[in-house]
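*Asks:* There's a structure below that I have some questions on.
The values are calculated or read from the model by the stated rules, or taken from the named source; none is laboratory data. Just so it is clear, the structure is predicted and the values come from calculations on it, not from any experiment. As a convention, Cβ positions derive from the backbone with ideal geometry for all residues, glycine included, and neighbour counts pool all protein chains shown. The area values use the complete protein model at the heavy-atom level, side chains included, leaving out ligands, DNA and RNA. Shrake-Rupley method; radii C 1.70, N 1.55, O 1.52, S 1.80 Å.
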Amino acid sequence: MALALPPLAALLMLGLTFLYWQSEERNMRAQREQNFQAAADQIVYNLKDRMATYEVVLRGVKGYFEGSERIDREEFQAYVGALQMQETRPGLQAISLIVQVPAAALQAHTDDMRARGFPDYGVQPPGEREAYAPITHIEPLEGDNLKALGFDTLTLPVAREALERARDTGELALSGRLVLVQDDRPGLGMYLPIYGATADTRTVAGRRAGLVGWVSAPFRVAEVIGGMAREFDTDIHLQVIDSTAGTPAADAPLFGVPDPSSAAPALHTRRTLELGGRRWTLQMSPLPAFELRHRDASHLPVAVMGAVLSLLLGWFTWLLATGRERAVALARDMTAELRATRDDLESTLNAIPDLLFELDLDGRIHHYRSARSDLLALPPEMFLGRRMADVVPPEAAAGCHAALQAAHRTGYSAGHQYRLEIDGATHWFELSIARKESGAQSDGGPRFIALSRDITERKQAEARTHQLAYFDALTGLPNRRMLTDRMEHALHSARQTAQVGALIYIDLDNFKQINDARGHKLGDALLVQVAQRLAQLLRPGDTVAHLGGDEFAMLVHGVAADMETAGRAALLVAEEVRAALEMPYTIDTHLYGSTGSIGITLFPKRGEGVEDLLREADTAMYRAKDLGRNRIRFYEAAMQADVQERMALEQDLKKAHAEGQLAAFVQNQVDAAGTVVGGELLMRWDHPLRGNVPPARFIPIAESSGLILRMGDWMIRQACETLARLQAMGRDLSLSVNVSERQFRQDDFVESVRHLLAHTGARPENLVLEVTESLLIENLDDTIARMTEIVQLGVRFSIDDFGTGYSSLAYLKRLPLYELKIDKSFVQDTPDDPNDTAIVQSIISVARHLNLRVVAEGVETAAQADFLTGSQCDCLQGYLFGRPEPLEAWVARLAPPG
């Protein structure tokens, strides 16, 4: 019998190991399927979102046509060109206008199109039909798209069905698979009807009668999906089928082929999308790479180890079964040793400073021993014969009884902690109970040894250590360490439950100014109130933490089951936070204001950990600050690289200003006769490693970092000193200097200009300050007041890049201006481009009526110069009259000989 036990034990353990392996295999398959479904959901969402983007483009074009009586090709080209389709909407072949032409109006339509600049225009294919739907506008009008001009879309049955459906419903209609006339390759068409201004669109008959045409967008599904490759899981096989029943081109494959891995994949899914009146079926299955990526073999070593241990257990059981005699002999030896050490143990027990009790199963105290009688609320003899429930509070008695029962079942119980109030102070004790295997009562009941140790100091130290380690000393909120710990749990939970969470990063705007101006005490009080407001917004289970300084973070988990819904929910939470922070703060009976810049990132994301999420949220927060503070931004993947480049460039720019790498250049301004009448002062940066850094790169960074203030003051000083030198040489020339919005709004800006003029002796009327139209969007009245104050000094103002921003005749009449500068984007295509030519002539005409001088920038050809002087433009500037050159060289060239 004894020899049969080892193999039975080994077989039992092997059976348990096999059950464990099967369970882990099932879990692994379930997790892989969950990840596959999540990837499929992301593909469906992204494809639906891209189709919605195309619809938005068409509705914008539709509104553009409906709001215009007649659209020239150049206007349509400019509008569509601004959409940057190839860069932002890959796969979109073109944007076109289809006009409904009755048979009776075909000849008039053809004549009109030929008069518009298409002498060879004709409706294709030829033939007599009741009505025609030719393409009259298409952009980009180049390459294969030229073939589509004049093509009658109604001749394609699939397109005709979609056109008529769009006409009758008034909604977007998507065609089935058709052959695009551009290159005879398969594609799809998206159509949106255009009705006349007086059309009754409430009924089908009214919509048919009022139809003018359609705006359309042909595209290829393969190119659309190819342009979204970064948004899809490349290890998922995708096939798109047009499954619209009862229509032309139904059940036509739009993208992909059936999964080649097998006829019926074990793991696959099918989703449907309703797009423009058609139903797309998306069939998805994982590729072998997906299976390998989500195969977790970590349980295999455990199963192998279990098998090995099962065999070892059988071997060990065999040793026990055959070594009973050795065990008995060993027990006798151990008993002798125990008897020899009994006296030593007795003395050791007497030296133990803890409370030592002997109890029975009812908790009655039969013996007591301790060197710390001061820890007892009663004399020791008062405890004998009484139960533990009679000498400790009820909440502690229940735990002591449970520990006693556990010791009775298992022989030993340790770690139970309870609290007692002794002499008005709280003391903590840790109870350990062991069952005595001998020395039972006369009635046979078991006895137990209970050791109660005073751990009050340890508990207090643990509480202090925990508070210091995981909570902020000022606000009492969790600190960064606790936040990262909770983020680890939240991230793990989100991956297990497929729930999306959010990390919201908050930085107080202008806190440093308040702290420096009012002192750290008031700043700390403000931080405490901010913490209280954030804590009031918390949901149960969420976390708000103070990361240090003026930075806070909120961890919100379980927001939603998908990224789109979670994004909206996180935005609502962030809006509540932003609104709460905007409320005034009352500190020492005074009101103070502060706002918060907020960055948001969602999780879980594949391969990202806690530090990645903190970095993303921090990056998004700084982007919110760059956009003007008191704003909310979500993280985008391109932000991090942009931030790193901006940080490096900002550090280099600080050194550049200190080490003299920045230089002032001048570009000539001439009159109609070509005589130099002034110049524009430009800043250049020659970096020792980067070379010449374009102003378009470092000026925005200087703006956001505040360096533009020192740089701008330096440029105005250079202008004033140069004007004084020119005056001494007898040259009455003007100099223009660009002034940023941030510099203009400085409290001491007017005084700074006044001081520089007085210090250098420069004539104020020769100093022209150039500002952009963006300065006029906010606080127009304050802007006018400050400009008026500077004009009273004699300084003149110019609107730079006029026509590219907030152009309005209303502010031109109100502002104390001297000059308008026509942006080079309008000048570069004159006089060949009729649109730009008309814009330039209009600006000059408006300026002349308002008695303003006009300067044209970017003049590079003699034809441009002749056109501008012929249009009575006062002043010209551009490469035709000289490239920007160093300030000293420019002044030296203007100096009189000798």
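*Asks:* Can you report the number of residues in segment 580-607 which are of a type outside the set (Ser, Thr, Tyr), open to solvent by 50 Å² or more (accessible area, probe 1.4 Å) and more than 30 Å from residue 38 (Cβ to Cβ)?
*Replies:* Step one: of segment 580-607, the residues of a type outside the set (Ser, Thr, Tyr) are 580-584, 587-588, 590-591, 593, 596, 598-600, 602-607.
With the extra rule that they be open to solvent by 50 Å² or more (accessible area, probe 1.4 Å), the set shrinks to 582-584, 588, 590-591, 593, 605-607.
Now restrict to residues that are more than 30 Å from residue 38 (Cβ to Cβ): 582-584, 588, 590-591, 593.
Total satisfying the criteria: 7.
*Asks:* Among 28, 13, which is of a type in the set (A, V, I, L, M, F, W, C) and either in contact with a His (Cβ under 8 Å, 6 or more places away or on another chain) or not in a helix (DSSP H, G or I) (or both)?
*Replies:* Of the residues listed, the single one that is of a type in the set (A, V, I, L, M, F, W, C) and either in contact with a His (Cβ under 8 Å, 6 or more places away or on another chain) or not in a helix (DSSP H, G or I) (or both) is 28.
*Asks:* Another question, then. So residue 30 ticks every box in (1) over 20 Å from residue 221 (Cα atoms); (2) in contact (Cβ under 8 Å) with a residue 12 or more places away in the chain; (3) hydrophobic (A, V, I, L, M, F, W, C) but one. Which box is left unticked?
*Replies:* Evaluating residue 30 over (1) over 20 Å from residue 221 (Cα atoms); (2) in contact (Cβ under 8 Å) with a residue 12 or more places away in the chain; (3) hydrophobic (A, V, I, L, M, F, W, C) leaves (2) as the failure.
*Asks:* Could you say whether any residue in segment 246-257 is modelled with pLDDT of 85 or more and not in a loop (DSSP other than H, G, I, E, B)?
*Replies:* At the first step, the residues of segment 246-257 found to be modelled with pLDDT of 85 or more are none.
For segment 246-257, residues modelled with pLDDT of 85 or more and not in a loop (DSSP other than H, G, I, E, B): absent.
To keep it simple, each residue is scored yes or no on (1) under 21 Å from residue 765 (Cβ atoms); (2) in contact (Cβ under 8 Å) with a residue 40 or more places away in the chain; (3) touching a strand residue (DSSP E or B) at 6+ places or on another chain (Cβ under 8 Å).
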{"position": "635", "(1), (2), (3)": "no, no, yes"}
{"position": "660", "(1), (2), (3)": "no, no, no"}
{"position": "677", "(1), (2), (3)": "yes, yes, yes"}
{"position": "681", "(1), (2), (3)": "yes, yes, yes"}
{"position": "685", "(1), (2), (3)": "no, no, yes"}
{"position": "730", "(1), (2), (3)": "yes, yes, no"}
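*Asks:* Of all residues in segment 847-857, how many are open to solvent by 50 Å² or more (accessible area, probe 1.4 Å) and either closer than 25 Å to residue 78 by Cα or part of a helix (DSSP H, G or I) (or both)?
*Replies:* So the first thing to find is which residues in segment 847-857 are open to solvent by 50 Å² or more (accessible area, probe 1.4 Å), and the list is 848-851.
Next, only the ones that are either closer than 25 Å to residue 78 by Cα or part of a helix (DSSP H, G or I) (or both) stay: 848-849.
Count: 2.
*Asks:* Among the residues of segment 91-106, are any closer than 29 Å to residue 829 by Cα and either within 26 Å of the chain's Cα centre (by Cα) or not aliphatic (A, V, I, L, M) (or both)?
*Replies:* Yes, segment 91-106 has at least one match.
*Asks:* Is there a residue being modelled with pLDDT of 90 or more, farther than 17 Å from residue 676 by Cα, in a helix (DSSP H, G or I) and hydroxyl-bearing (Ser, Thr, Tyr) anywhere in segment 861-881?
*Replies:* no
*Asks:* What are the residues in segment 453-501 that are at pLDDT below 90, of a type in the set (S, T, N, Q) and open to solvent by less than 50 Å² (accessible area, probe 1.4 Å), if any?
*Replies:* Hit for segment 453-501 is 456, nothing else.
*Asks:* Here are some conditions: (1) touching a Phe, Trp or Tyr at 6+ places or on another chain (Cβ under 9 Å); (2) part of a loop (DSSP other than H, G, I, E, B); (3) not acidic (Asp, Glu). Residue 689 meets all but one. Which one does it not meet?
*Replies:* (1)
*Asks:* Further question on the same structure: Looking only at segment 790-806, filter to residues that are surrounded by fewer than 16 Cβ atoms within 10 Å (Cβ to Cβ) and of a type outside the set (Phe, Trp, Tyr); which one of those is modelled with the lowest pLDDT?
*Replies:* Applying the first criterion (surrounded by fewer than 16 Cβ atoms within 10 Å (Cβ to Cβ)) to segment 790-806 yields 792-794, 804, 806.
Checking which are of a type outside the set (Phe, Trp, Tyr) leaves us with 792-794, 804.
Values: 792: 95, 793: 94, 794: 95, 804: 68.
Residue satisfying both the conditions and the ranking: 804.
*Asks:* Okay, moving on. Criterion first (touching a residue at least 40 places away in the same chain (Cβ under 8 Å), in contact with a Pro (Cβ under 7 Å, 6 or more places away or on another chain), in a helix (DSSP H, G or I) and crowded, with 18+ Cβ neighbours inside 10 Å) does residue 162 satisfy it?
*Replies:* no
*Asks:* Would segment 166-173 turn up any residue that is surrounded by fewer than 20 Cβ atoms within 10 Å (Cβ to Cβ) and of a type in the set (S, T, N, Q)? Walk me through it before giving the result.
*Replies:* Within segment 166-173, the first condition is being surrounded by fewer than 20 Cβ atoms within 10 Å (Cβ to Cβ), and the residues that meet it are 168-171.
From the residues that got through so far, the ones that are of a type in the set (S, T, N, Q) too are 169.
Among the residues of segment 166-173, at least one is surrounded by fewer than 20 Cβ atoms within 10 Å (Cβ to Cβ) and of a type in the set (S, T, N, Q), which makes the answer yes.
*Asks:* Listed residues 829, 800; which is within 26 Å of residue 82 (Cβ to Cβ) and part of a loop (DSSP other than H, G, I, E, B)?
*Replies:* 829
*Asks:* Considering segment 72-121 alone, what residues qualify as being in contact with a Lys or Arg (Cβ under 8 Å, 6 or more places away or on another chain) and polar (S, T, N, Q)?
*Replies:* If the condition is that a residue be in contact with a Lys or Arg (Cβ under 8 Å, 6 or more places away or on another chain) and polar (S, T, N, Q), then 93 is the only one that fits.
*Asks:* Please work out if residue 8 is open to solvent by 60 Å² or more (accessible area, probe 1.4 Å) and part of a helix (DSSP H, G or I). Let's see the steps before the verdict.
*Replies:* Working: open to solvent by 60 Å² or more (accessible area, probe 1.4 Å): yes; part of a helix (DSSP H, G or I): yes.
Yes; evaluated as a whole, the condition is true for this residue.
*Asks:* For segment 115-124, does any single residue satisfy the condition of being in a helix (DSSP H, G or I) and more than 40 Å from the chain's Cα centre (by Cα)?
*Replies:* Yes; the residues of segment 115-124 include at least one that is in a helix (DSSP H, G or I) and more than 40 Å from the chain's Cα centre (by Cα).
For every residue, the table says whether it meets (1) in a strand (DSSP E or B); (2) among the aromatic types (Phe, Trp, Tyr); (3) modelled with pLDDT of 95 or more.
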residue: 624; (1), (2), (3): no, no, no
residue: 641; (1), (2), (3): no, no, no
residue: 653; (1), (2), (3): no, no, no
residue: 679; (1), (2), (3): yes, no, yes
residue: 710; (1), (2), (3): no, no, no
residue: 717; (1), (2), (3): no, no, yes
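*Asks:* Could you check segment 747-771 and list, in sequence order, the residues that are outside any helix (DSSP H, G or I) and surrounded by fewer than 20 Cβ atoms within 10 Å (Cβ to Cβ)?
*Replies:* Matches in segment 747-771: 747, 748, 761, 763, 770.
*Asks:* Filter segment 355-366 down to the residues that are modelled with pLDDT under 75 and over 10 Å from residue 450 (Cβ atoms) and list them by number.
*Replies:* Matches in segment 355-366: 362 only.
*Asks:* Another one. For residues that are assigned to a helix (DSSP H, G or I) and among the hydroxyl-bearing types (Ser, Thr, Tyr), scanning just segment 772-783, find the one that is farthest from residue 708 (Cα to Cα).
*Replies:* Selected residue: 783.
*Asks:* Out of all the residues in segment 51-61, is one or more open to solvent by 50 Å² or more (accessible area, probe 1.4 Å), on the phi < 0 side of the Ramachandran plot and touching a helix residue (DSSP H, G or I) at 6+ places or on another chain (Cβ under 6 Å)?
*Replies:* Checked segment 51-61: no residue is open to solvent by 50 Å² or more (accessible area, probe 1.4 Å), on the phi < 0 side of the Ramachandran plot and touching a helix residue (DSSP H, G or I) at 6+ places or on another chain (Cβ under 6 Å).
*Asks:* Quick one: count up the residues across segment 858-885 that are open to solvent by less than 30 Å² (accessible area, probe 1.4 Å) and touching a residue at least 40 places away in the same chain (Cβ under 8 Å).
*Replies:* Residues that pass the stated criteria total 7.
*Asks:* Can you name the number of the only condition in (1) surrounded by fewer than 17 Cβ atoms within 10 Å (Cβ to Cβ); (2) touching a strand residue (DSSP E or B) at 6+ places or on another chain (Cβ under 8 Å) that residue 532 fails?
*Replies:* Every condition holds for residue 532 apart from (2).
*Asks:* Could you check segment 210-234 and list, in sequence order, the residues that are open to solvent by 30 Å² or more (accessible area, probe 1.4 Å) and of a type in the set (Asp, Glu)?
*Replies:* Residues satisfying the conditions are 223, 231.
*Asks:* From the list 893, 786, which one is closer than 22 Å to residue 676 by Cβ and in a helix (DSSP H, G or I)?
*Replies:* Of the residues listed, the single one that is closer than 22 Å to residue 676 by Cβ and in a helix (DSSP H, G or I) is 893.
*Asks:* Given the condition part of a helix (DSSP H, G or I), at pLDDT below 80 and open to solvent by less than 40 Å² (accessible area, probe 1.4 Å), answer yes or no: does some residue in segment 85-102 qualify? Please lay out each step first, then the result.
*Replies:* We begin by selecting, within segment 85-102, every residue part of a helix (DSSP H, G or I); these are 85-88.
Imposing the further condition that a residue be at pLDDT below 80 reduces the set to 85-88.
Those left that are additionally open to solvent by less than 40 Å² (accessible area, probe 1.4 Å): 85.
Yes, the conditions are met somewhere in segment 85-102.
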